[in-house]
Amino acid sequence: QEQLVESGGGLVQPGGSLTLSCAASGITFSRYDMHWYRQAPGKERELVASITTSGETNYADDVKGRFTISRDNAKNTVDLQSPSLKPEDTAVYYCNAVRVLSLRSRLTYWGQGTQVTVSS
């Protein structure tokens, strides 16, 4: 069975740090591009950060310079970190795995989502 399990969410003070971790099982992790999405109340789901199978990273403009995505293929995990959160970072964060099988076919799996609340 293919599964993504997230941890690290919770209540954080403004200016506090964030470390989210996503553990994958049942997939050949090293073959998957990994992504973090988030969805704030009343907003559409947005892509926060991505890391490819080769380690290339990309970030949304509103988190660039504040968030870091990383992966550990030996542990089958992908992390999302920030040293300083803002209230507007409050959202449900989702881990996403995508494997490109061909130019026209891919596999996609989603984590269950974890709540991050940035508030004093």
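The values are calculated or read from the model by the stated rules, or taken from the named source; none is laboratory data. Everything numeric in this text was worked out from a predicted model, so none of it was measured. Quick reminder, even Gly has a Cβ in these numbers, built from the backbone with ideal geometry, and neighbours come from all protein chains shown. Surface areas here come from the heavy atoms of the whole protein model, side chains and all, with no ligands, DNA or RNA. Shrake-Rupley method; radii C 1.70, N 1.55, O 1.52, S 1.80 Å.
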**Request:** Run T57 past the list (1) touching a strand residue (DSSP E or B) at 6+ places or on another chain (Cβ under 9 Å); (2) hydroxyl-bearing (S, T, Y); (3) open to solvent by 60 Å² or more (accessible area, probe 1.4 Å) and report the number of the one that doesn't hold.
**Result:** (3)
**Asked** Out of curiosity, is T90 under 25 Å from Q1 (Cα atoms), of a type in the set (V, I, T) and open to solvent by 20 Å² or more (accessible area, probe 1.4 Å)?
**Response** no
**Request:** May I ask you to list the residues in the stretch 55-92 that are among the small types (G, A, S) and touching a residue at least 60 places away in the same chain (Cβ under 8 Å)?
**Result:** S82, S84
**Request:** Residue by residue through the stretch 64-82, note down the ones that are on the phi > 0 side of the Ramachandran plot and open to solvent by 70 Å² or more (accessible area, probe 1.4 Å).
**Result:** G65
